[in-house]
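Novice: Quick one: the structure is below, and I'll ask about it shortly.
The values are calculated or read from the model by the stated rules, or taken from the named source; none is laboratory data. Being a predicted model, the structure only gives us computed values, none of them experimental. Cβ placement follows ideal geometry from the backbone for every residue including glycine, while neighbour counts extend to all protein chains displayed.
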Amino acid sequence: MNRKYRKTIIAGNWKMNMLPSQVKPFADELKAVSPRAKWCETVICAPFVDLPAAIKAFKELRISVGAENLNENEKGAYTGEVAANMLVDLGVKYVIIGHSERRQYYGETDFSVNKKVHAALEAGLQPIVCVGESLEEREMGITLERINLQVKAALSGVSAEKMRRVVIAYEPIWAIGTGKTATTEQAEEVCKLVRDTVRVIYNDETAEALRVQYGGSVNAGNAAELFAQPDIDGGLVGGASLKAEFGVVATA
Ligand code: PEP
């Protein structure tokens with residue numbers, strides 16, 4: 001099996017941006033820029049309060065909707081939290097797990113990421129699991145070890161069958177929101193390492209079916225070259241997903 005059997009997946013991450021009332025006008029803008037490319041799966045991951053409006057507005061554009069986080073518990077006394085089955089009930093398909101901003105600001109660890117991955121899969125969601133090294137780790141030359149560990153920890157106990165629903169996003173922390181993109185060689189090297197790690201844990205079939213995204217200052221100008229790499233199956237896009245430019249990235 002090779003690249004052509006994996007459907008490219010471009011996911012936007014709105015972070016804490018976009019009012020619910022701005023979702024429909026944004027969808028209209030996107031529609032005007034680019035009708036969806038058939039070979040590409042497009043996802044918008046939005047704040048919880050935007051999800052109902054997003055599901056409604058993006059249906060016609062055949063853009064799937066994802067959340068940016070979830071709680072690892074099924075239900076109960078967790079004030080302010082949102083469970084996986086609540087997202088499913090709403091019509092949400094994807095969920096970002098372990099974004100570096102959550103690891104950095106909200107104390108998420110490889111351990112909690114693994115619990116969230118299980119919760120998402122159990123409920124029927126497709127997790128987009130984020131891994132990435134800091135600038136210090138890259139400069140120390142331990143990028144590949146760091147990513148290998150993050151991937152192994154995130155997937156601990158996940159069956160090969162459930163792996164079919166997992167997407168892994170390689171996002172070097174130093175490239176997120178900084179305008180600094182990893183070179184295509186750097187991005188390909190780590191995305192290949194992610195696939196090879198999955199090959200060692202599971203098997204060739206699971207590794208070749210896995211979709212690996214690159215994220216970190218992806219925009220309309222650099223997307224095509226990055227997505228043309230053999231082990232890069234699309235992107236996780238922050239800043240550019242808030243502009244109509246996202247329509248260009250999604251058809252790069
Ligand atoms: C992100 O939020 O996952 C991201 C990659 O952001 P940006 O594209 O703005 O660097």
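Novice: For the range 75-115, enumerate the residues that are within 18 Å of GLN126 (Cβ to Cβ), touching a residue at least 24 places away in the same chain (Cβ under 8 Å) and more than 16 Å from the ligand (Cβ to nearest atom).
Specialist: Of everything in the range 75-115, those that are within 18 Å of GLN126 (Cβ to Cβ), touching a residue at least 24 places away in the same chain (Cβ under 8 Å) and more than 16 Å from the ligand (Cβ to nearest atom) turn out to be VAL82, ALA83, ALA84, ASN85, LEU87, VAL88, LEU90, GLY91, VAL92, LYS93, ASN114, LYS115.
Novice: Does LEU135 satisfy the criteria of being aliphatic (A, V, I, L, M) and either in contact with a His (Cβ under 7 Å, 6 or more places away or on another chain) or more than 16 Å from the ligand (Cβ to nearest atom) (or both)?
Specialist: No; evaluated as a whole, the condition is false for this residue.
Novice: Consider only pairs whose beta carbons are under 6 Å apart and that are at least six residues apart or on different chains; among these, list those whose first residue lies in the range 1-16 and is surrounded by 19 or more Cβ atoms within 10 Å (Cβ to Cβ) and whose second residue is among the acidic types (Asp, Glu) and at pLDDT 80 or above.
Specialist: THR8/ASP233; ILE9/GLU41
Novice: Additional query: For the range 165-181, which residues satisfy the criterion of being more than 28 Å from LEU121 (Cβ to Cβ) and surrounded by 17 or more Cβ atoms within 10 Å (Cβ to Cβ)?
Specialist: Passing the criteria: TRP174, THR181.
Novice: Oh, and also: Here are ALA182, ALA207, ALA160, ALA250: which of them is among the small types (Gly, Ala, Ser) and under 30 Å from LEU19 (Cβ atoms)?
Specialist: ALA250
Novice: When only residues in the range 8-27 that are among the β-branched types (Val, Ile, Thr) and within 17 Å of the chain's Cα centre (by Cα) count, which is farthest from the ligand (Cβ to nearest atom)?
Specialist: The qualifying residue farthest from the ligand (Cβ to nearest atom) is THR8.
Novice: So which residues in the range 5-37 are touching a strand residue (DSSP E or B) at 6+ places or on another chain (Cβ under 6 Å) and of a type in the set (Gly, Ala, Ser)?
Specialist: Result: ALA11, GLY12.
Novice: Go through ALA83, ALA54 for me and flag whichever is of a type in the set (A, V, I, L, M, F, W, C) and closer than 26 Å to VAL151 by Cβ.
Specialist: Selected residue: ALA83, the only one of ALA83, ALA54 that is of a type in the set (A, V, I, L, M, F, W, C) and closer than 26 Å to VAL151 by Cβ.
Novice: Next question, about the same structure. So which residues in the range 222-245 are within 10 Å of the ligand (Cβ to nearest atom) and touching a strand residue (DSSP E or B) at 6+ places or on another chain (Cβ under 7 Å), if there are any at all?
Specialist: GLY235, LEU236, VAL237, GLY238, SER241
Novice: Quick one: which of ALA154, ALA187 is under 21 Å from VAL95 (Cα atoms), crowded, with 18+ Cβ neighbours inside 10 Å and of a type in the set (Gly, Ala, Ser)? Walk me through it before giving the result.
Specialist: Details: ALA187 fails: under 21 Å from VAL95 (Cα atoms).
Answer to the selection: ALA154.
Novice: In the range 169-188, which residue that is modelled with pLDDT of 95 or more and touching a Pro at 6+ places or on another chain (Cβ under 9 Å) is farthest from ILE128 (Cα to Cα)?
Specialist: The selected residue is GLN186.
Novice: Under 6 Å by Cβ, and 6 or more places apart or on different chains, what pairs join a residue from the range 168-180 that is within 7 Å of the ligand (Cβ to nearest atom) with one that is hydroxyl-bearing (Ser, Thr, Tyr)?
Specialist: Partner pairs satisfying both residue conditions: ALA175/THR181; ALA175/SER217.
Novice: What number goes with the only condition from (1) within 11 Å of the ligand (Cβ to nearest atom); (2) at pLDDT below 95; (3) surrounded by 20 or more Cβ atoms within 10 Å (Cβ to Cβ) that TYR214 does not pass?
Specialist: (2)
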